[in-house]
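The values are calculated or read from the model by the stated rules, or taken from the named source; none is laboratory data. The structure displayed is predicted, hence computed values, not measured ones. Note: ideal-geometry Cβ built from the backbone for every residue, glycine included; neighbour counts use all protein chains shown. With ligands, DNA and RNA removed, areas are computed over all heavy atoms of the protein, side chains included. Shrake-Rupley method; radii C 1.70, N 1.55, O 1.52, S 1.80 Å.
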Amino acid sequence: MTATNGRVAVCPGSYDPITNGHLDIIERASRVFDLLVIGVVNEPIRKQRTLFSAEERLQFVLQATEKLGNVETEVFDTLLVDFARKRGATALVKGLRAISDFEYEFEMNQLNRKLAPDIETVYLMASPQYSFLRSSGVKEIATFGAAISDLVPPVVAEALQDRLGRS
Ligand code: ADP
């Protein structure tokens, strides 16, 4: 689908790995837009080295979203607004967790708006049960062998146990 036959939005992130909090935002955003493109950041600048490669992160997102008909996923390593333009998107979608995300997102909003005034950023509030869920927390929990099955999709839980579990 292109911008000419529907409203396209990009939902960016490092997805290292995708959690049920990300999925909640993706499912809700997919009901608002005609096409939602999940942009997996190849090498996030804001974060230390990723645990999973871009290809692994892409595969987890693909498997977790396979039931959603209007969602596509792609790895990108350009400026976010350039990627959005390439995909014909008129909006970026971000999830906002309790307080912590606001300051960073406010700053990014000013920058992206300066670079691309024609692309609007839309924020969805995190659902209460996922308000404190972040990929780094899940990785920490997995390291110590605690249950993560209600925090991430099954394919991710298995991969985290393989990669991080201390047996
Ligand atoms: P994280 O901060 O968990 O490492 P990303 O960098 O992949 O995640 O974030 C991608 C987007 O998903 C951001 O807009 C972030 O605010 C949002 N997000 C991440 N986790 C959640 C959650 N539990 N609920 C709502 N939004 C979330």
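How many of the residues in the stretch 158-167 are away from the ligand (no atom under 14 Å from the Cβ) and buried (at least 18 other Cβ atoms within 10 Å of the Cβ)?
Result for the stretch 158-167: 1.
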(Q) For the stretch 8-32, give me each residue that is near the ligand (Cβ under 9 Å from one of its atoms), assigned to a loop (DSSP other than H, G, I, E, B) and aliphatic (A, V, I, L, M). (A) Ile18
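Among the residues of the stretch 83-98, write down those that are among the β-branched types (Val, Ile, Thr) and either open to solvent by less than 40 Å² (accessible area, probe 1.4 Å) or touching a Cys at 6+ places or on another chain (Cβ under 7 Å) (or both).
Start the filter on the stretch 83-98 by keeping residues that are among the β-branched types (Val, Ile, Thr), which leaves 90, 93.
Result: Val93, single match.
Conditions tested, residue by residue: (1) touching a Gly at 6+ places or on another chain (Cβ under 7 Å); (2) within 21 Å of Arg97 (Cα to Cα).
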{"site": "Val10", "(1), (2)": "yes, yes"}
{"site": "Tyr15", "(1), (2)": "no, yes"}
{"site": "Asn20", "(1), (2)": "no, yes"}
{"site": "Leu23", "(1), (2)": "no, yes"}
{"site": "Ile45", "(1), (2)": "no, yes"}
{"site": "Gln59", "(1), (2)": "no, no"}
{"site": "Lys67", "(1), (2)": "no, no"}
{"site": "Thr73", "(1), (2)": "no, no"}
{"site": "Phe76", "(1), (2)": "yes, no"}
Q. Name the pairs whose Cβ atoms lie under 7 Å apart, with the first residue in the stretch 119-136 and open to solvent by 90 Å² or more (accessible area, probe 1.4 Å), the second within 8 Å of the ligand (Cβ to nearest atom), and 6 or more positions between them or separate chains?
A. Met125/Leu96; Phe132/Arg97
